[in-house]
Amino acid sequence: MATKPKAEGKVRYRRAAIPGMAALAATGALVVLTAQGALGVQFAISGMPFVVTADHLTGTNFQQFGDLDSGLSGNPWLKSSNGQAVVMTSVIGDAKVYNLCQSVNLVGVNLVIRAGTGATPVHATNLVLDSTDLTGDATFNNIQIGRDASDLTQVPSIKGHAYTFSQQADSVDIKNVRQDNYASTASTFSLPNLSMSFQSKGC
């Protein structure tokens, strides 16, 4: 197994999807064959996308690869895609999120969740996000782009499929975060100053 080079330094990307997203989208055709394996999200998704925004997200042990989420048979929200959704899976071993907002449109009304609005951020471990869109101002430390998704080492318990594109970094820092997600999981999830309400507008 190749050792991780430590001289790569920082890489910054402004107002763009995480680097290599075009390549990740292309790998969707490969991972459509199966949604099994040592992956982060292993449940039937509802098919109702939710929006996540944050002022700032910082974390260590970052990984990202293409994958496929599946809903239950006959899911009306996924009818046009045969019950499946191609996603970019982002994994962060230890994450802090400042001023988190999450909203889902429940057909006419939005369920809005806010947390980490004060001095204490939202904290998550082994955070996994399955997204169809992700934007922000990002900085990576010691990033590796084009690694085999089955050979990721930042969070060894969560990997992608062999022979598919992935990337990983020692740390990630993203400002002005916006994500469109189908699923998320975490080993632990701490939400200080949590509030939930129905509102006419989402995040």
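The values are calculated or read from the model by the stated rules, or taken from the named source; none is laboratory data. Here the structure is a predicted model, which is why all the values come from computation and not from measurement. For neighbour counting, all protein chains shown are included, and Cβ atoms are generated from backbone atoms with ideal geometry for every residue, glycine included.
Quick notes on this structure:
- Of all residues in segment 76-101, exactly one satisfies the criterion of being at pLDDT 95 or above and in a loop (DSSP other than H, G, I, E, B), namely Asn99.
- Exactly one residue out of Thr135, Thr139, Thr120 is modelled with pLDDT of 95 or more and under 14 Å from the mean Cα position of the chain (by Cα): that is Thr135.
- Complete set of residues in segment 147-179 that are charged (D, E, K, R) and either modelled with pLDDT under 95 or not in a strand (DSSP E or B) (or both): Asp151, Lys159
- Evaluated against (1) surrounded by fewer than 17 Cβ atoms within 10 Å (Cβ to Cβ); (2) modelled with pLDDT of 95 or more, Thr58 falls short on exactly one condition, (1).
- Of the residues Gly116, Gly83, Gly66, the single one that is surrounded by fewer than 20 Cβ atoms within 10 Å (Cβ to Cβ) and either of a type outside the set (A, V, I, L, M) or farther than 14 Å from Ser184 by Cβ (or both) is Gly83.
- Yes/no for Lys96 being closer than 24 Å to Thr188 by Cα and among the charged types (D, E, K, R): yes
- Qualifying residues in segment 36-55 (those that are assigned to a loop (DSSP other than H, G, I, E, B), farther than 14 Å from Ala149 by Cα and of a type in the set (A, V, I, L, M, F, W, C)) - the one modelled with the lowest pLDDT: Val41
- Residues in segment 133-170 that are in contact with an Asp or Glu (Cβ under 7 Å, 6 or more places away or on another chain), over 25 Å from Phe50 (Cβ atoms) and touching a residue at least 24 places away in the same chain (Cβ under 8 Å): Thr139, Asn141, Asn142, Ile143, Tyr163.
- Residues considered: Asn181, Asn105, Asn193. Of these, the only one that is over 20 Å from Ala85 (Cβ atoms) and either surrounded by fewer than 17 Cβ atoms within 10 Å (Cβ to Cβ) or polar (S, T, N, Q) (or both) is Asn193.
- Taking the conditions (1) farther than 26 Å from Phe140 by Cα; (2) outside any strand (DSSP E or B) in turn, Val104 satisfies each one other than (2).
- Selection status of Met48, under 17 Å from the mean Cα position of the chain (by Cα) and closer than 20 Å to Leu111 by Cα: yes
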